[in-house]
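Worksheet: one structure, shown below.
What follows draws every value from the coordinates through simple rules; no lab data is involved. These numbers come from a predicted model, not from an experiment. Quick reminder, even Gly has a Cβ in these numbers, built from the backbone with ideal geometry, and neighbours come from all protein chains shown.
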Amino acid sequence: MNRARLSSVYILWPTVFGENNGIIIKKNKKSGGIESPVNILFIGDVVGKPGRKALRSLLPDIKRTHKIEFIIANAENAAGGRGLTHEVMDELFNLEIDVLTMGNHVWDNKEIYNFIENEKRLIRPANYPPDCPGQGYGIYRAGIDRKIAVVNLMGRVFLQPLDCPFRVMEELLQEIKEQADIIIVDFHAEATSEKLAFAHYFDGRLDAVLGTHTHVQTADARIFPGGTAYITDLGMTGPYDSILGMDKAMVIQKIMSQRPVRLEVAKGPVQIEAVVLNMDENTNKVNGIERISQVLSQ
Ligand SMILES: [Fe+2]
């Protein structure tokens with residue numbers, strides 16, 4: 001049997017390889033605390049058909065083993081690597097994903113204009129101009145009486161000059177904080193510094209700030225002193241043998257030729273990358289954040 005190396009863990013090929021290579025980072029529990037976890041899964045950017053295949057194959061087991069109660073996924077590349085269609089959105093909801101977030105590719109597939117306004121389980125960055133269709137956050141029920149707010153924001157470093165995500169989040173907090181038990185932000189951004197600055201600024205006021213967009217999972221999952229769970233980037237759910245989900249040769253050609261090349265989603269083995277947030281059932285505060293990175297061969 002071949003062996004492949006993924007991150008710091010040796011893995012077996014050709015079955016499912018890669019285990020939860022992240023470290024479970026837990027806050028110290030107060031003595032006498034009741035261990036009754038609520039687990040939320042946030043899945044990194046789903047890329048095209050391979051991403052959906054990874055979800056179909058790997059999500060049921062992750063859901064079962066981690067006792068997941070609520071699932072969020074970034075879907076801005078879910079339809080052919082660019083944007084989202086109604087059919088693909090339905091496919092993701094049928095996989096028991098509760099909420100879909102987007103990013104700078106939200107408008108890439110024009111079909112989204114037909115349904116983004118009315119689909120409340122789909123959110124796009126809240127700092128787009130106010131007249132953009134759709135919603136920047138949603139509050140969802142999980143379990144019997146727990147309310148989870150999911151907010152989508154975009155960074156501005158090396159991306160479009162949208163409204164300031166810090167100021168928009170401050171305004172949203174006024175609306176959200178009394179309504180929701182848990183607040184999770186998908187901060188869709190390029191620069192690590194901007195992601196860290198945002199998370200530290202809101203430490204203690206948001207339960208999780210989870211980065212998306214770069215498609216490469218970072219090894220910095222942690223809980224900040226104020227209690228906010230953080231990772232710079234969740235990574236990607238899509239083709240493993242690729243450059244950010246796209247065909248390697250095409251990306252290399254584009255970079256080397258410095259001319260436009262129409263990129264296509266890569267083929268081959270697929271991966272899922274995500275984090276699990278372990279929330280305290282009584283306080284709704286985050287107890288732990290665990291990285292997940294698994295690869296499935298053909
Ligand atoms: Fe993006």
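For the range 62-78, check the following and say yes or no: at least one residue is of a type in the set (Asp, Glu), out of contact with any Cys (no Cβ under 8 Å at 6 or more places or on another chain) and without any contact (Cβ under 8 Å) to a residue 12 or more places away in the chain. Within the range 62-78 (the criterion being of a type in the set (Asp, Glu), out of contact with any Cys (no Cβ under 8 Å at 6 or more places or on another chain) and without any contact (Cβ under 8 Å) to a residue 12 or more places away in the chain), the answer is no, since none of the residues qualifies. Please go through the range 144-188 and give me each residue that is crowded, with 19+ Cβ neighbours inside 10 Å, within 16 Å of the ligand (Cβ to nearest atom) and in a loop (DSSP other than H, G, I, E, B), ordered by number. GLY155, the sole residue that qualifies.
In the range 98-126, what count of residues is obtained for those that are assigned to a loop (DSSP other than H, G, I, E, B), free of Cβ contacts under 8 Å to residues at least 40 places away in the same chain and away from the ligand (no atom under 16 Å from the Cβ)?
7
Every residue, every condition in (1) touching a residue at least 60 places away in the same chain (Cβ under 8 Å); (2) crowded, with 20+ Cβ neighbours inside 10 Å; (3) β-branched (Val, Ile, Thr); (4) at positive phi, yes or no:
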{"position": "PHE198", "(1), (2), (3), (4)": "no, yes, no, no"}
{"position": "TYR201", "(1), (2), (3), (4)": "no, no, no, no"}
{"position": "ALA208", "(1), (2), (3), (4)": "yes, yes, no, no"}
{"position": "ARG222", "(1), (2), (3), (4)": "yes, no, no, no"}
{"position": "ASP233", "(1), (2), (3), (4)": "yes, yes, no, no"}
{"position": "MET246", "(1), (2), (3), (4)": "yes, yes, no, no"}
{"position": "ALA266", "(1), (2), (3), (4)": "yes, yes, no, no"}
{"position": "GLU273", "(1), (2), (3), (4)": "yes, yes, no, no"}
{"position": "VAL276", "(1), (2), (3), (4)": "yes, yes, yes, no"}
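So, VAL216, is that one touching a His at 6+ places or on another chain (Cβ under 8 Å) and either outside any helix (DSSP H, G or I) or touching a residue at least 60 places away in the same chain (Cβ under 8 Å) (or both) or not? The answer is no for VAL216.
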